[in-house]
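Nothing in this text is a laboratory measurement; each read-out follows from the coordinates by a stated rule. No experiment lies behind these values; they were computed from the predicted model shown. No Cβ is skipped: glycine too gets one built from the backbone with ideal geometry, and neighbour counts run over all protein chains shown.
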Amino acid sequence: MKIAVLGTGGGARCHIAKLLELGHEVVVGTRDPRATLSRTEPDMMGTPPFGRFLAEHPAADLRTFGDAAAASDGLVISGIDGHSAVNALSAIADRLAGKTLIDYAVPFIYQHEPEHPWPTPWGIMPKLEPVDTDSLGEQIQRALPRTKVVKSFVTQEQSTVVNPASVGDGEHTMFVAGDHMDAKQQAIDLLKSYGWTDILDLGQLVCARGMEMYAHMHSAIGFGLGQQFGGHFGIKVVR
Ligand SMILES: NC(=O)c1ccc[n+]([C@@H]2O[C@H](COP(=O)([O-])OP(=O)(O)OC[C@H]3O[C@@H](n4cnc5c(N)ncnc54)[C@H](OP(=O)(O)O)[C@@H]3O)[C@@H](O)[C@H]2O)c1
């Protein structure tokens with residue numbers, strides 16, 4: 001398949017590399033390919049410039065977000081920063097029409113001054129917005145009524161999403177939620193190809209609220225395990 005991955009961050013790179021390994025054609029989206037390739041410094045998370053990754057994965061085809069989305073056969077993975085995703089995806093709504101979009105972003109706001117901050121090893125914990133009564137997944141679906149949005153992948157680091165066997169021999173649970181059964185099935189098929197065996201369909205896209213709000217617990221578990229950035233663990237729903 002020809003799959004579009006919108007995003008050049010650490011998470012997107014995990015999907016790009018895995019999809020290539022699985023034999024897919026991968027079109028990668030970025031705001032401005034020339035600007036992305038001209039970067040020479042790591043980002044704030046220490047992720048090396050994308051040009052270096054591309055040199056190691058020359059089969060990946062770097063285009064603008066819109067051109068990448070339009071080039072896909074029908075499946076698009078969005079790894080656009082959560083706070084920017086609705087605007088960035090709305091701007092290319094026509095090119096996403098009729099496609100399935102899997103969103104794994106967390107709607108984090110990094111710059112804020114809470115009354116009761118949560119100190120972390122890397123600053124204060126970002127806040128979620130929206131939260132409780134809405135989710136980023138639902139915002140994206142409302143902004144893109146001609147696109148079938150699925151929320152998934154968000155409860156883990158993407159390095160473990162694309163390689164579930166690297167944690168507990170793959171004995172952990174991945175979630176999907178969405179309002180379109182056929183799109184959810186595409187996400188489930190992709191996850192199976194990544195090696196997932198325990199995929200729990202949470203139901204309608206409104207359940208994206210729970211997946212996104214789990215982000216703080218994901219961080220807390222990582223701290224508890226002494227893993228300050230990211231985290232190499234999964235969660236298992238025992239039933
Ligand atoms: N990394 C993980 O394992 C992981 C796990 C769970 C959830 N998440 C969530 O998934 C999302 C993506 O994470 P990530 O680590 O893959 O990448 P990221 O570094 O959070 O985001 C990078 C992408 O966002 C785009 N972007 C940044 N600011 C933008 C703006 N103002 N307008 C349009 N696009 C903008 C960048 O575009 P350019 O390419 O043009 O620079 C880049 O493609 C985040 O919300 C993150 O919290 C990540």
- With x for Gly and Pro, the residue-by-residue ³J(HN,Hα) of segment 74-85, computed from phi through the Karplus equation 6.51 cos²θ - 1.76 cosθ + 1.60 at θ = phi - 60° and given in whole Hz, is x, 10, 10, 10, 9, x, 7, 2, x, 6, 9, 5
- Note on the structure: Long-range amide H partners of K2, meaning residues 5 or more apart or on another chain whose placed amide H is closer than 5 Å, are E25, D73
- Message: Based on alpha-carbon centroids, what's the gap between segment 184-219 and segment 23-67 in Å, whole number please?
- Response: 26 Å
- Relative contact order computed over the chain (Cα-Cα under 8 Å; 6+ residues apart), in percent: 17 percent
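Which order results if I188, I77 are arranged by neighbouring Cβ count within 10 Å, fewest first?
Ascending Cβ contact count within 10 Å gives the list I188, I77.
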- Spatially near lysine pairs across the chain, Cα under 24 Å, sequence gap of 8 or more or different chains: 25
- List, in order, the whole-Hz ³J(HN,Hα) value for each residue of segment 28-34 obtained from phi through the Karplus relation with A = 6.51, B = -1.76, C = 1.60 and θ = phi - 60°; use x for Gly and Pro. 9, x, 8, 5, 9, x, 5
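Kirkwood hydrodynamic radius of the chain from all distinct Cα pairs, in Å? Intermediate results must be reported in sequence, preceding the final value.
On the way: mean 1/r = 0.0553 Å⁻¹.
18.1 Å is the Kirkwood radius here.
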- Task: Based on other C-beta atoms within 10 Å, arrange L54, L205 from fewest to most.
- Result: L54, L205
- Item | Order of T133, T30 under a 10 Å beta carbon neighbour criterion, fewest first | T133, T30
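Under the rule a/c < 1.5 gives rounded, and otherwise a/b versus b/c splits prolate from oblate, where does segment 39-104 land using the Cα gyration tensor?
Details: a/c = 2.40, a/b = 1.49, b/c = 1.61.
Note, shape of segment 39-104 comes out oblate.
With a 10 Å radius around each residue's Cβ, average the other Cβ atoms per peptide and rank 45-53, 101-109, highest first.
Working: 45-53: 14.6, 101-109: 23.1.
In decreasing order of mean packing, 45-53, 101-109 become 101-109, 45-53.
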- Task: Counting helices only, and only those DSSP H runs with n ≥ 4, report the 222 nm mean residue ellipticity of the chain as the sum of -39,500 (n - 2.57) divided by its residues, in deg cm²/dmol to the nearest 500.
- Result: -10000 deg cm²/dmol
- Message: Could you give each residue of segment 192-198 its phi-based ³J(HN,Hα) in whole Hz, using Karplus coefficients 6.51, -1.76, 1.60 with θ = phi - 60°, and x for Gly or Pro?
- Response: 4, 5, 6, x, 6, 10, 10
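Grab the other residues whose beta carbon is less than 13 angstrom from that of A85, score K and R as +1, D and E as -1, and report the net.
That sum, taken over residues with Cβ under 13 Å, equals -2.
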